[in-house]
Amino acid sequence: MLAGKNKIIIFKSEFEFNFSIFNPVHKKSTHSVTFRKKKMSDESHINVLYVDDEENNLLSFKASFRRHFNVFTAISADEGKKILAENEIHVLITDQRMPGTLGTELLAQAVKDYPDQIRILLTGFSDIEAIKDAINRGQIYHYLQKPWNDQELKDTIENAYRIYHLKKKQKELSEQLLVTNEQLEFMLRQKLLS
């Protein structure tokens, strides 16, 4: 496209739009503006911990989801507790049957220590008692069976994070409301005293 002696150059891709005015006399762009739009699903900020005593499952999980999430893995509940203590984990996924500590026990402890965290039970067994225990003690968001379907598990993690984010936002708004109420009460007292 020509505009007087200058050329208008437009570069467009799926995630970027660049608009430049090229001056042929000076052989360079005199003005350039770039617009970038975010990718539809930027999940890389979601911290997910997967706890399972089978190393092959941990490797498979990491390989499947490392491009979508910040993936942490632990081969035992004790190792998982260390990771939970050192990192802000948004979504905790655990197997049920592990030596030493059952997945439901880990989930029940996580409820006490990290109440906003979203918990998922992923197991190869359809043990009704374990599922009831996970729901009642571990307050799980979702139950999935192994072998998992990558897309279903990815969608479940993304939905879990949305709930985590909403819980955090609700907590922030409640705290702001308390502060605002205290300020209003103070102002009312001041007005009554004057």
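The values are calculated or read from the model by the stated rules, or taken from the named source; none is laboratory data. Here the structure is a predicted model, which is why all the values come from computation and not from measurement. Cβ atoms come from the backbone with ideal geometry, glycine included; neighbour counts cover every protein chain shown.
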| task | Scan the stretch 116-125 and give yes if some residue there is under 14 Å from residue 51 (Cα atoms) and hydroxyl-bearing (Ser, Thr, Tyr), otherwise no. | result | yes
| query | Which of the residues spanning the stretch 73-98 are closer than 23 Å to residue 163 by Cα, surrounded by fewer than 20 Cβ atoms within 10 Å (Cβ to Cβ) and among the hydrophobic types (A, V, I, L, M, F, W, C)? | reply | 83, 85
| query | Does residue 140 count as within 24 Å of residue 162 (Cβ to Cβ), under 20 Å from the mean Cα position of the chain (by Cα) and β-branched (Val, Ile, Thr)? | reply | yes
| Restricting the stretch 144-186 to residues that are more than 18 Å from the chain's Cα centre (by Cα) and among the hydroxyl-bearing types (Ser, Thr, Tyr), which is farthest from residue 121 (Cα to Cα)? | 180
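Between 152, 158, 88, which is closer than 22 Å to residue 60 by Cα and in contact (Cβ under 8 Å) with a residue 40 or more places away in the chain? Break it down into steps so the answer makes sense when it comes.
On the way: 152 fails: in contact (Cβ under 8 Å) with a residue 40 or more places away in the chain; 88 fails: closer than 22 Å to residue 60 by Cα.
Selected residue: 158, the only one of 152, 158, 88 that is closer than 22 Å to residue 60 by Cα and in contact (Cβ under 8 Å) with a residue 40 or more places away in the chain.
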| field | Test for residue 51: is it surrounded by 20 or more Cβ atoms within 10 Å (Cβ to Cβ), in contact with a Ser or Thr (Cβ under 6 Å, 6 or more places away or on another chain) and at pLDDT 95 or above | value | yes
| If you go through the stretch 131-141 one residue at a time, do you hit one that is modelled with pLDDT under 95, surrounded by fewer than 19 Cβ atoms within 10 Å (Cβ to Cβ), of a type in the set (A, V, I, L, M, F, W, C) and assigned by TED's automatic domain parsing to the domain that holds residue 157? | yes
